[in-house]
Amino acid sequence: ERSLVTTRLTYRAVGSTTGQKEFLGKENTGEDAVAGGLTIDNHVPHNYFGAGDIPIKKEDYDALNDQVEAQDGMDASNGGKHFVHLPFAMSSVSFFHNIPGVPDGKDGIKLDACDLARIYNGKVQKWNSDEGILSKQNDAVKEILMNLTDDIFVSRRVEGSSSTKSITQFMNAKCPNEWPDEMVASKLEVDEWHTSTNGCQGSAAMTNCVRNNEGSIGYLDSGHGWSEEVAEINVKNEDGIFLTSRYAHAEGGISDAAGAGVTPNSADADWSDVNFLNKSGVNTWPIVVMSYVYIRKDVNRFIASQEERGLLKLFLEALYDNEEKEIKYFKNCETLGFSPPPSAVKIVAKAGIDSIAWDLLDDVNMWTHEIATAPFDGMGKYVISTKRRSLAGIDIEDLAGAETKLKAAVVDNEAAVAELTKGPDGTYASYFLEDGDRKKIEAALVLSALSFTIWACVLIGWVVKKYICFK
């Protein structure tokens, strides 16, 4: 709704591994396999670009470049490098739990890499059975843990994901005796995981696995876990400090990890060895990942429309805030838990965008931004304007604002309850309800949630009917 002409960008949340495969297009025999005059089996991408939280493996990097270079009549001006990594955001992966009575945040449960590895390799299957977990680091919640007799519900991803790659790297780096090298991967087969673990496909399913099973543990992109209000585990960082990724993000501990990392000086180089695990710093989070866009440099072979190529170029450029032009779209990402990469990395990424064969008329992009009011020019056909709004969009934003306020109220209430249950010695009292009382409370909560949901649906339906669905 920000442009005069209709634009549309879709996104499939399928995990970094699947995203990379669809971008690489190895043995692509689908309808896109003849794009740009190419034939099958020639690394034809299934999409305009891909994105993920792990760099492409060296063998895939070399294979794509070698295959494209070998094609008859291929322009060799790219020097044997035919796609780029565009690093645009830093984020974190963390562990989350659903242990009744254990608060979120700094007063919650504290685990190091070996504690986590022993849970995931099946050596620890109950919260009350391990001396390491019940040690002094968890004195504040020890009484609660001691009363948990059921098995830990251990959640893990099914298909390949950057989060699985990150947590297995972390456990291996800090505790190789419990998590060996062969257990480091973006995807582990079912028989490689311990039988005590439970498969949960995708971030949404992982969230439900943790939320719907008392005594559970799982891992998620931190921003996703925060938005779903799942309780986070305090993890021990390289400096020996227990902290949550939310705290680290607030203290700049995500960007700090990026500053300590080593990245290539060219976007079309091999980025496969780049990682930001276990970097030093009091507030630095130990499991930090870089988010990349993967895109072919010969994009003009796959996107026939100059207008579409120009819009894609403008979109990629907008990933990097331009203070001079007051383009600050990345601020929206920061509210979701992302941090911008260091300035030196952004310079490399911007040069990578410029290296792509956009093939625009006179090398000028017809698409532009309107940030400050630009009389007449802002009404142009190919202008993305911050001034252009639809009434339906405003109503939806108002609903989102109301939801944010309700979530904040819930957080405040939970904090008040936690404070009331905190004893004089700083520990948290363990209260266990009778089954009848628990069921009454759960029923009341369910009815409250249903009431809110129904009214939200009614309001959204009214907005759609009045402003979107015209007869």
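The values are calculated or read from the model by the stated rules, or taken from the named source; none is laboratory data. Please read these numbers as outputs of a predicted model, since none were measured by experiment. Cβ: placed from backbone, ideal geometry, glycine included. Neighbour counts: every protein chain shown. Side chains included, ligands, DNA and RNA excluded: accessible areas come from the protein's heavy atoms. Shrake-Rupley method; radii C 1.70, N 1.55, O 1.52, S 1.80 Å.
Below, the figures for the structure above:
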{"item": "Complete set of residues in the stretch 253-295 that are free of Cβ contacts under 8 Å to residues at least 40 places away in the same chain, open to solvent by 20 Å² or more (accessible area, probe 1.4 Å) and more than 28 Å from Lys81 (Cα to Cα)", "result": "Asp256"}
{"item": "Any chance Phe96 is modelled with pLDDT of 85 or more and under 27 Å from Lys350 (Cβ atoms)", "result": "no"}
{"item": "Ile233 being more than 15 Å from Ser166 (Cα to Cα) and buried (at least 20 other Cβ atoms within 10 Å of the Cβ)", "result": "yes"}
{"item": "Residues of the stretch 283-312 that turn out to be within 19 Å of Phe88 (Cα to Cα) and in contact with a strand residue (DSSP E or B) (Cβ under 7 Å, 6 or more places away or on another chain), as a count", "result": "12"}
{"item": "Residue match in the stretch 243-251 (condition: over 30 Å from Gly101 (Cβ atoms), open to solvent by 60 Å² or more (accessible area, probe 1.4 Å) and not hydrophobic (A, V, I, L, M, F, W, C))", "result": "no"}
{"item": "Matching residues in the stretch 42-56 - criterion: being under 19 Å from Leu311 (Cβ atoms) and assigned to a loop (DSSP other than H, G, I, E, B)", "result": "Pro45, Asn47, Tyr48, Phe49"}
{"item": "Among (1) in a helix (DSSP H, G or I); (2) small (Gly, Ala, Ser); (3) free of Cβ contacts under 8 Å to residues at least 12 places away in the same chain, the one test that Ser129 misses", "result": "(1)"}
{"item": "All positions within the stretch 347-379 that are surrounded by fewer than 18 Cβ atoms within 10 Å (Cβ to Cβ) and without any contact (Cβ under 8 Å) to a residue 40 or more places away in the chain", "result": "Ile347, Lys350, Asp354, Asp362, Asp363, Val364, Thr373, Ala374, Pro375, Phe376, Asp377"}
{"item": "Those residues of the stretch 4-21 which are of a type outside the set (Ser, Thr, Tyr) and either surrounded by 15 or more Cβ atoms within 10 Å (Cβ to Cβ) or over 24 Å from Ser272 (Cα atoms) (or both), in sequence order", "result": "Leu4, Val5, Arg8, Leu9, Val14, Gly15, Gly19, Gln20, Lys21"}
{"item": "Residue identified as surrounded by fewer than 21 Cβ atoms within 10 Å (Cβ to Cβ), touching a helix residue (DSSP H, G or I) at 6+ places or on another chain (Cβ under 9 Å) and more than 17 Å from Ile54 (Cα to Cα) among Asp150, Asp139, Asp191, Asp181", "result": "Asp181"}
{"item": "Residues of the stretch 195-230 classified as open to solvent by less than 60 Å² (accessible area, probe 1.4 Å), more than 15 Å from Ala13 (Cβ to Cβ) and not in a helix (DSSP H, G or I), total", "result": "11"}
